[in-house]
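The values are calculated or read from the model by the stated rules, or taken from the named source; none is laboratory data. Treat the numbers as computed from the prediction; the structure is a model and nothing was measured. All Cβ positions, glycine included, derive from the backbone under ideal geometry; neighbour counts span all protein chains shown. These area figures cover heavy atoms from the full protein model, side chains too; ligands, DNA and RNA do not enter into them. Shrake-Rupley method; radii C 1.70, N 1.55, O 1.52, S 1.80 Å.
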Amino acid sequence: MSTDALAQSPKELQNKGLVFLVAQTPNGNKPLYLAEELKAIGAIPDYTFVPISFAKNEQKSDWFEAINPNGRIPALLDNREGKKPINVWESASMLLYLAKTYDTGFNFHFQDEDLQTELLNWIFFIQGGVGPMQGQANHFFRYAPEKIPYGIKRYQDETKRLYGVYEAHLSGAKDGKKKEWLVGDKYTIADMCTEPWIRASTWAGVELEPFPHLAAWVDRIEQRPATKAALKIPEQDKLTQMKDNPEEAEKMAEKASKWIMAGQPK
Ligand SMILES: N[C@@H](CCC(=O)N[C@@H](CS)C(=O)NCC(=O)O)C(=O)O
C-alpha cells in the first residue's frame, strides 16, 4: 500500500489475525457465516471487522483498492503470524482460503476430492449464476431510475430458473435423493456461499413459495447460532424487518439507489 493510502486507512487494518472489510449485503455475509462457525468450534479466535460505508464510497478508496482492486466488499486481510499479510477478495475465494487455512478438521469442506469437486461446482454456480443475475434483478427492480419491464423480467426469470436448479437438487427430483445440504451430508461453504442470496430473494422481487425445499434449507441455515451472529455484522441485517414492511423496503431502495447511481460510470 502506498504511504498516502496507508495514512488514510483505518487503524484496525494493523490488527493481528483476520480483518474483514464488510457491509451488510449477501456477498458480505458469506465469509462471516464461516468466520462465526469457525469461531464457534474454536478454530479461530475473535476477528476484526471494518464496516465499509457505500454512502461514502469507501470501497473505492485507495487503501481499500490496495486490498481489493475491484473496489467491492467483501475483502479480507489476514495479518498472519510469522508470514507476510495476505489480502483475499471475492467472497468465494475468501471462503476457500478460510476453509483451507483454518478448517483443518474439514468441518465445513471436504478432504475427499470428489466431494470437494462437487462443492466447487456449487461455489462456481452461485458465483457465476445467482449472484450476478439476482444482483441485476435487484438493480432493475429496486434501484434503476426508470422501470424497464424487459430488464426486470429478464433477470427475475433467470433468477427463478436458477432457483429451480437448487430446488430440483435438494428435493431429489432428478436422482430420487432428498438432501439437507447442497453437498454430502453436512453444512459446508457451498451452502454458506449460496444462502445469503436466496434469503434475500424478495429484495429482487422473487418469492420462495414455488421452491419449498429451497425455502426449508434457508430456514435450516437461519436457525444456526453462527448465522444469527454473522447477520449482526457490521450491523443487524434489515431483511427480516423489510420482508413484512414494504414501505421500509422502498425507503432503503431509494437510499441505496442514490449511491448506486452516483457510482455508475458517467
Ligand atoms: N463477485 C464479488 C461481488 C462483490 C460485490 O458485488 N459487492 C457489492 C456488495 S454485495 C459491492 O461492494 N458493491 C459496492 C459497489 O459496487 O461499489 C464477490 O463475490 O465478492
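Here ASN68 passes the criteria (1) open to solvent by 10 Å² or more (accessible area, probe 1.4 Å); (2) within 10 Å of the ligand (Cβ to nearest atom) except the one numbered (1). Of the residues in region 75-86, not one is outside any strand (DSSP E or B), modelled with pLDDT of 95 or more, open to solvent by less than 20 Å² (accessible area, probe 1.4 Å) and near the ligand (Cβ under 10 Å from one of its atoms).
Looking across region 123-140, the residues that are open to solvent by less than 30 Å² (accessible area, probe 1.4 Å) and touching a residue at least 60 places away in the same chain (Cβ under 8 Å) come down to ILE123, ILE126, VAL130, GLY131, GLN134, ALA137, ASN138.
Residue-wise test of (1) more than 16 Å from the ligand (Cβ to nearest atom); (2) free of Cβ contacts under 8 Å to residues at least 12 places away in the same chain.
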residue: ALA7; (1), (2): yes, yes
residue: LEU13; (1), (2): yes, no
residue: THR25; (1), (2): no, no
residue: ASP62; (1), (2): no, no
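Inspect all residues belonging to region 186-200 and state whether any of them is of a type outside the set (Gly, Ala, Ser) and open to solvent by 40 Å² or more (accessible area, probe 1.4 Å). Among the residues of region 186-200, at least one is of a type outside the set (Gly, Ala, Ser) and open to solvent by 40 Å² or more (accessible area, probe 1.4 Å), which makes the answer yes. Residue check: TYR143 meets all listed conditions (1) within 16 Å of the ligand (Cβ to nearest atom); (2) under 30 Å from GLU254 (Cβ atoms); (3) open to solvent by less than 20 Å² (accessible area, probe 1.4 Å) but one, namely (3). Residues in region 1-52 that are of a type in the set (S, T, N, Q) and either within 15 Å of LEU77 (Cβ to Cβ) or open to solvent by 80 Å² or more (accessible area, probe 1.4 Å) (or both): THR3, GLN8, SER9, GLN14, ASN15, THR48.
Selection of region 227-254 for residues being at pLDDT 85 or above, assigned to a loop (DSSP other than H, G, I, E, B) and open to solvent by less than 70 Å² (accessible area, probe 1.4 Å) yields LEU231, ILE233, PRO234, ASP237. If I ask for residues that are surrounded by fewer than 18 Cβ atoms within 10 Å (Cβ to Cβ) and small (Gly, Ala, Ser), which ones from region 87-107 would you list? Hits for region 87-107 are SER93, GLY105.
Output yes when any residue across region 159-166 is open to solvent by less than 70 Å² (accessible area, probe 1.4 Å), within 16 Å of the ligand (Cβ to nearest atom), within 20 Å of ILE198 (Cβ to Cβ) and in contact with a Phe, Trp or Tyr (Cβ under 6 Å, 6 or more places away or on another chain), and no when none is. No, there is no match, as no residue in region 159-166 is open to solvent by less than 70 Å² (accessible area, probe 1.4 Å), within 16 Å of the ligand (Cβ to nearest atom), within 20 Å of ILE198 (Cβ to Cβ) and in contact with a Phe, Trp or Tyr (Cβ under 6 Å, 6 or more places away or on another chain).
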